[in-house]
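Colleague: Handing you this structure, nothing more for now.
The values are calculated or read from the model by the stated rules, or taken from the named source; none is laboratory data. Computed from a predicted structure; not experimentally measured. Positions of Cβ are backbone-derived with ideal geometry, glycine not excepted, and every protein chain shown enters the neighbour counts. Heavy atoms of the whole protein, side chains included, go into the accessibility calculation; ligands, DNA and RNA do not. Shrake-Rupley method; radii C 1.70, N 1.55, O 1.52, S 1.80 Å.
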Amino acid sequence: MRATSQALAAAQAIDSRMAFASPVSPEFLLTAACCRWPPSDESSAAIRAAVQDVTDWDRFLRVVKHHRVTVLVQRALRTAALEVPSAVTEELDALVQRNVRRGLKLAGETVRLQSLLAASGIPSLVLKGVALEQLAYGSIASKQTRDIDLLVPPEQAEAALALIERGGYTLSSPATRLCTMQRRALIRYGREIELMHPQTRVRVELQWRAADNPRLLSGVSAHAATQTVTVSEGLSVRTLAPDDLFAYLCVHGAHHSWSRLKWLADLNALVASSKPDLEYLYRHAQKIGAGLCAGQALLLCQHLFGLKLPATIAQELQTNKRCQRLAAVAIAAMTRSDETGERDVGIRAVVRGIRNQFLLGQGQAFCVAQCRLAYAGVPDIVRVPLPRPLHFIFPFLRLPLWLWRRAKLAFAPL
């Protein structure tokens, strides 16, 4: 009787929490139910309720892979004692084993790189990755981590980049080669650069700003308050203090419209595991300009994962039309390409992306800063390196260079 009541409540919760969004697939809803944290009778009931409508297990696997929540899904299906096709179980098991091996490799390399930077007098903080995994899930074998994110001061970004390159890494994105002029322009106008180790295939995202728009995370930098996280015996890393980390995760997810469910699942697990004062975290995010991003994230966690919010915050968010709209935007982004992971890079997608970025903040200062971001795009800096006195030309290059890139794609041989 109790199990039946829980299943009914879970099914009702699924229906109500998706009321603000366009219809989504049963496979996505099951994936989301598997991402609830921590495992409990209630979460298992939600999974058993969601699985009733799943008919396409191949699609389910595609959704799980796209959203990079393989470990959570495998664990949740086992905990709920569901009978799923053997092919699904076998593929999930293989993916999880691969993820565990990669997680151990990334943990050791994260510690090594942070120590390397510290030895050269360059402060750095680990963003997401193994630090978040340990804080949220209590182990480094629960999160599907793709790369290592390191935050350094802007004034030391060039030195940090050179140091990591000397450590065996090569440039990966936005280009495989950058001259000194391009590097300095990228550091001035951009936020990050990606490198990859040719032997280990480990990727590093070196960042020198916590957000594209400085008004979203005011005061959050490599010099901000920190916390030390032990990732394994004798190995630890430094990351942002809890309040800044919460705000950063909200802004990061919002910047990508939460198109990967893993980002929201990690944030939800962090909150559920540490049981912080959500009222304080939300107000802190508001104080540093990330209030709308935090509101969007909390609404999504409530609707998708059943996160219980303090009454004052719940009431405030339910009446905040901007947060409600942002939540709908995120659900649409999560489900738009949840099977293939393909990105729409057409003009409509560009306009939609620009519009969504303007929704994340408020006030004249935020809007001015957002407009300045259009001054020079990273692809333009890479394609047309200009000396500092000629940077005023970048705005005039934005449209013709974008049209040129689109034309090349359109007429490229299949």
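Colleague: Percent antiparallel among DSSP beta bridges with both residues in the chain, to the nearest 5? Before the final figure, lay out the partial values.
Modeller: Working: 17 of 21 bridges.
Percentage antiparallel, nearest 5: 80.
Colleague: Ignoring ligands, DNA and RNA, what percent of the 1.4 Å accessible area of region 149-234 is carbon and sulfur?
Modeller: Values: 1820 of 4000 Å².
Using a 1.4 Å probe with all protein chains present, region 149-234 comes out at 46 percent carbon and sulfur.
Colleague: Now for a different question. Report the per residue volume, in Å³, of the convex hull enclosing the C-alpha atoms of region 218-339. Let's see the in-between values first.
Modeller: Working: hull volume 14.2 nm³, N = 122.
Residue-normalised Cα hull volume stands at 116 Å³.
Colleague: Report the residue, chosen from P39, P400, P276, that carries the largest GNM mean-square fluctuation when the chain is represented by alpha-carbon nodes joined by springs under 10 Å.
Modeller: It is P400.
Colleague: For region 54-134, restrict the atom set to alpha-carbon positions and state the Rg and Dmax in Å.
Modeller: According to the Cα coordinates of region 54-134, Rg and Dmax are 17.2, 56 Å.
Colleague: Follow-up. Output the antiparallel fraction of DSSP beta bridges having both residues in region 92-224, as a percent to the nearest 5.
Modeller: Working: 11 of 15 bridges.
Of all bridge pairs located within region 92-224, approximately 75 percent are antiparallel.
Colleague: Which residues' amide hydrogens lie under 5 Å from the amide hydrogen of S172, considering only partners 5 or more residues apart or on another chain, with H built in the peptide plane?
Modeller: Those lying under 5 Å, H to H, from S172 are E194, L195, M196.
Colleague: Please give the Cα centre distance for region 216-266 versus region 20-60, rounded to the nearest Å.
Modeller: Region 216-266 and region 20-60 have Cα centres spaced 27 Å from each other.
Colleague: Farthest toward the dipole's positive end in the chain, which of A374, A136, G219, given Cβ charges of +1 (Lys, Arg) and -1 (Asp, Glu) about the Cα centre?
Modeller: Toward the positive end, the furthest listed residue is A374.
Colleague: Continuing with this model, one more query. In Å², and per residue, what accessible area does the chain have when probed at 1.4 Å with the other protein chains present?
Modeller: With the other protein chains kept in place, the chain gives 46 Å² per residue.
Colleague: Set Lys and Arg Cβ to +1 and Asp and Glu Cβ to -1, take the dipole of region 142-294 about its Cα centre, and tell me which of S173, S236, L270 lies farthest positive.
Modeller: Positive-most Cα among the choices belongs to S173.
Colleague: While we're here: Roughly what percent of Cα-Cα pairs across region 104-180 reach past 20 Å?
Modeller: Details: 1055 of 2926 pairs.
For region 104-180, the fraction of Cα-Cα distances above 20 Å is 36 percent.
Colleague: Oh, and also: Could you tell me which of rounded, prolate or oblate describes region 155-208, using a ≥ b ≥ c as the square roots of the eigenvalues of the alpha-carbon gyration tensor, with rounded for a/c under 1.5 and, failing that, prolate when a/b is larger than b/c and oblate otherwise?
Modeller: Judged from the Cα gyration tensor, region 155-208 comes out prolate (a/c at least 1.5, a/b above b/c).
Colleague: For a test of understanding, tell me how many lysine pairs in the chain have Cα atoms under 24 Å apart, given they are 8 or more places apart or on different chains.
Modeller: Value for the chain: 22.
Colleague: For the chain, give the magnitude of the charge dipole about the Cα centre (Cβ charges: +1 Lys/Arg, -1 Asp/Glu; no others), in debye to the nearest 20. Intermediate results must be reported in sequence, preceding the final value.
Modeller: Working: 50 positive and 34 negative charges, 254 e Å.
So the magnitude is around 1220 debye.
Colleague: Return the sequence-ordered ³J(HN,Hα) values of region 277-285 in whole Hz as given by the Karplus equation 6.51 cos²θ - 1.76 cosθ + 1.60 applied to θ = phi - 60°, using x for Gly and Pro.
Modeller: 7, 4, 4, 5, 4, 5, 5, 5, 4
Colleague: I need the Kirkwood Rh of the chain: take the reciprocal of the average 1/r across all distinct C-alpha pairs and report it in angstrom. Could you put the intermediate results ahead of the total?
Modeller: Working: mean 1/r = 0.0445 Å⁻¹.
By the Kirkwood definition, the hydrodynamic radius is 22.5 Å.
Colleague: Just checking the chain: which Cys have no other cysteine's beta-carbon under 4.7 Å?
Modeller: Those would be C34, C35, C179, C301, C323, C367, C371, since no other cysteine Cβ in the chain comes under 4.7 Å of theirs.
Colleague: For region 270-395, give the percent of accessible area contributed by carbon and sulfur heavy atoms, probe 1.4 Å, rounded to a whole number. Walk me through the intermediate numbers first.
Modeller: Numbers: 3670 of 6300 Å².
Taking all protein chains in place, region 270-395 shows 58 percent carbon and sulfur surface.
Colleague: Provide the per-residue ³J(HN,Hα) series for region 322-336, in order, calculated from phi with Karplus coefficients 6.51, -1.76, 1.60 and θ = phi - 60°, each as a whole number of Hz, with x at glycine and proline positions.
Modeller: 5, 5, 4, 5, 4, 5, 5, 4, 5, 4, 5, 5, 4, 9, 5
Colleague: Given the whole protein assembly as supplied and a 1.4 Å probe, what does the accessible area of D149 come to in Å², nearest 10?
Modeller: 10
Colleague: Additional query: Taking H placed 1.01 Å from N in the peptide plane, check which residues at least 5 places from V231 or on another chain put their amide H under 5 Å from its amide H.
Modeller: The answer is S236, V237.
Colleague: What are the residues whose amide H is under 5 Å from the amide H of T226, where those residues sit 5 or more places off or on another chain and H is modelled from the backbone?
Modeller: Amide H neighbours of T226, under 5 Å, 5+ apart: A241.
Colleague: Through the Karplus equation 6.51 cos²θ - 1.76 cosθ + 1.60, θ set to phi - 60°, convert the phi angles of region 243-258 into ³J(HN,Hα) values in whole Hz; use x for Gly and Pro.
Modeller: Values per residue, Gly and Pro as x: 5, 5, 4, 4, 5, 4, 4, 5, 5, 4, x, 5, 4, 9, 6, 6 Hz.
Colleague: What 222 nm value per residue comes from the helices of the chain, counting each DSSP H run with n ≥ 4 as -39,500 (n - 2.57) and dividing by all residues, nearest 500 deg cm²/dmol?
Modeller: Details: 19 runs with 242 residues, N = 414.
The helix-only estimate for the chain comes to -18500 deg cm²/dmol at 222 nm.
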